[in-house]
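**Student:** Sharing a structure below in structure tokens format, with a few things to ask.
All of the numbers you see were taken from the coordinates with simple rules; none came from a lab. Everything numeric in this text was worked out from a predicted model, so none of it was measured. Positions of Cβ are backbone-derived with ideal geometry, glycine not excepted, and every protein chain shown enters the neighbour counts.
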Amino acid sequence: AEPNPPGCPKEYFCAYSGANQTGRLLLKVAGNWSGNLAVGSIFNNGVVYPGADHVDVTSFLGGQPSTDCFHYNPGPGKYKANAEPGLTITRVVWRGEC
């Protein structure tokens, strides 16, 4: 597994102001979340928990919503991402397999 990113222990989904989990820690949640947050990167540091270890992240870029599922660190599959400039996240929902 990849080491925990700064300020984001296991069991949490985190968002950062900079790319590659750098800059300020903007969001650290162990449950579902909704709001409107401009981010530079995200990281799912969840743990194995059947039915609630992956996250659906809803984001907006240019007014178009998109929802992507992220596995927990270390995968398989994506568990972190850098955001395109102007992207905001609006929902994080814990779920089962992607």
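**Student:** Taking the simple approach of a point 7 Å from Cα along Cα-to-Cβ for both Glu11 and Thr90, what is their distance in nm?
**Tutor:** The answer from the label model is 3.1 nm.
**Student:** Could I ask something else about it? Determine, for each peptide in 16-26, 75-85, 34-44, the mean count of other beta carbons within 10 angstrom over its residues, then list the peptides with the highest first. Before the final figure, lay out the partial values.
**Tutor:** Numbers: 16-26: 15.5, 75-85: 13.9, 34-44: 18.1.
The densest-packed peptide leads the list: 34-44, 16-26, 75-85.
**Student:** Here is a further query. Points 7 angstrom from Cα along the Cβ direction at Asp56 and Lys78: gap in nanometres?
**Tutor:** 1.6 nm
**Student:** Nearest 20 debye, what's the magnitude of the dipole of the chain about its Cα centre given +1 on Lys and Arg Cβ and -1 on Asp and Glu Cβ?
**Tutor:** 200 debye
**Student:** Given that compact globular proteins tend to follow 2.2 N^0.38 Å, what is the ratio of the alpha-carbon Rg of the chain to that value?
**Tutor:** 0.96
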